[in-house]
Amino acid sequence: MIRNRREDTDIDFTDRIIDTRTFEPSAAEKDLYNAVTDYVQEAYSQDRGQKLVLMLLQKEVVSSPAALKQTVLKQLNENNELTHKSELEELVEKIDAIDTVTKEERLFDIVEEARDHVEMGRVIVFTQFRPTQRRVLDALEKQGYTTHAFHGGHSSEEKEEIVDRFREDGGVLVSTDAMNEGRNLQFCNIMVNYDLPWNPMKVEQRIGRIHRIGQKRTVYVFNMALKGTIEEYVLDRLYHKIDLFQQTVGELSTILTRLEDSGRSFEDEIFERLASADSEIDLENDFESMAIDLEEQQDLSQKVEKFNSGVFESFDLGASDD
């Protein structure tokens with residue numbers, strides 16, 4: 001099998017324009033983020049919390065207060081003998097202290113611009129979490145937008161109907177990553193990563209819903225992140241280092257496979273660095289080290305691909321002389 005890059009094929013892919021927007025969190029949002037990070041680091045160091053739960057908390061705090069609150073309350077309700085119950089209750093208080101959500105406010109800027117300049121104002125907004133999805137949908141509806149919800153709880157028939165309504169009515173489709181399951185939405189060319197998966201493959205799969213054969217227009221991808229958070233580190237230190245948003249799934253797969261030969265996933269690498277850092281300087285150094293590893297794997301992948309291409313090109317794959 002020979003894998004060709006997009007630029008090496010005769011397929012006329014449209015341009016992909018990436019717009020990464022980082023926003024200053026409010027004082028309450030920053031306070032909550034720091035409290036969650038401190039809790040995660042302490043719990044991880046003392047081995048008193050399930051790693052997946054701690055990772056989830058760290059992802060949710062930059063997605064929405066609503067997503068974080070659901071998980072924290074679940075932990076409180078399911079574990080009556082928690083030794084760190086007061087810390088979780090304090091997180092709930094900090095969540096309730098947030099009056100406005102910065103990402104919500106800034107999302108309005110993007111969808112409003114789309115409503116003014118794009119056919120039927122079509123925008124797809126991706127989030128990893130259902131509570132975030134519900135919160136975003138409510139906020140958009142209050143602003144008068146036509147909205148559509150897409151998530152894994154819908155049947156196949158319902159999913160088809162949702163996509164059809166989005167095509168016909170326009171507006172904003174807010175989707176979880178259930179949309180990654182083979183849906184083609186080339187009739188839309190604007191996508192927003194409201195929160196960013198730590199797995200680069202999932203990011204490219206999201207983009208692939210609109211940037212594929214059949215897309216006739218330039219594709220615009222907006223990445224949203226809060227300054228001074230793990231999201232900003234992942235975006236600036238890792239994803240932009242390997243030009244993630246211009247890679248294909250095949251190219252990413254090769255890079256990540258080489259990086260993950262140690263047996264740990266890309267997400268594990270990110271979490272370990274965050275949870276183990278003693279200071280912001282340590283975190284910066286750790287992410288810089290991971291970025292160097294990524295660049296090395298990318299360089300090695302390109303050299304191997306170039307070698308393989310040269311080998312195949314040296315064969316005459318046509319008819320033999322016999």
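The values are calculated or read from the model by the stated rules, or taken from the named source; none is laboratory data. Small disclaimer: the values here were computed from a predicted structure and weren't measured. Here the Cβ positions follow ideal geometry from the backbone for every residue, glycine too, while neighbour counts run over all protein chains shown.
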* What's the number of the condition residue 10 fails, among (1) at pLDDT below 90; (2) in contact with a helix residue (DSSP H, G or I) (Cβ under 6 Å, 6 or more places away or on another chain)? -> (2)
* To do: Would you point out the residue of segment 44-68, among those that are in contact with a Ser or Thr (Cβ under 9 Å, 6 or more places away or on another chain) and surrounded by fewer than 21 Cβ atoms within 10 Å (Cβ to Cβ), that is farthest from residue 135 (Cα to Cα)?
  => 45
* Hits in segment 19-47 - residues which are modelled with pLDDT under 90 and either in contact with a Leu (Cβ under 9 Å, 6 or more places away or on another chain) or under 27 Å from residue 105 (Cα atoms) (or both) -> none
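Conditions (1) among the hydrophobic types (A, V, I, L, M, F, W, C); (2) outside the structural domain of residue 130 (by TED's automatic domain parsing), marked per residue:
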position: 192; (1), (2): yes, no
position: 195; (1), (2): no, no
position: 204; (1), (2): no, no
position: 221; (1), (2): yes, no
position: 224; (1), (2): yes, no
position: 234; (1), (2): yes, yes
position: 239; (1), (2): no, yes
position: 251; (1), (2): no, yes
* Asked: If we scan segment 80-95, do we find a residue that is over 22 Å from residue 183 (Cβ atoms), in a helix (DSSP H, G or I), in contact with a Phe, Trp or Tyr (Cβ under 8 Å, 6 or more places away or on another chain) and of a type in the set (Ser, Thr, Tyr)?
  -> no
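Step by step: first the residues of segment 155-184, then only those that are polar (S, T, N, Q) and part of a helix (DSSP H, G or I), then the one that is modelled with the lowest pLDDT. Which residue is that?
Of all residues in segment 155-184, those polar (S, T, N, Q) come to 155-156, 175-176, 180, 184.
Next cut, part of a helix (DSSP H, G or I) only: 156, 180.
Working: 156: 88, 180: 64.
Taking the candidates together, the pick is 180.
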* To do: Return the total of residues in segment 135-151 being surrounded by fewer than 18 Cβ atoms within 10 Å (Cβ to Cβ) and either basic (Lys, Arg) or assigned by TED's automatic domain parsing to the domain that holds residue 57 (or both).
  => 1
* To do: From 56, 68, grab the single residue that is modelled with pLDDT of 95 or more, over 15 Å from residue 274 (Cα atoms) and either hydrophobic (A, V, I, L, M, F, W, C) or in a strand (DSSP E or B) (or both).
  => 68
* Given the residues 252, 317, which is the only one that is under 30 Å from residue 52 (Cβ atoms), at pLDDT below 80, out of contact with any Ser or Thr (no Cβ under 8 Å at 6 or more places or on another chain) and not charged (D, E, K, R)? -> 252
* Structure fact -> When segment 106-133 is checked residue by residue, the ones that are surrounded by fewer than 18 Cβ atoms within 10 Å (Cβ to Cβ), of a type in the set (D, E, K, R) and either modelled with pLDDT of 95 or more or part of a loop (DSSP other than H, G, I, E, B) (or both) are 106, 130
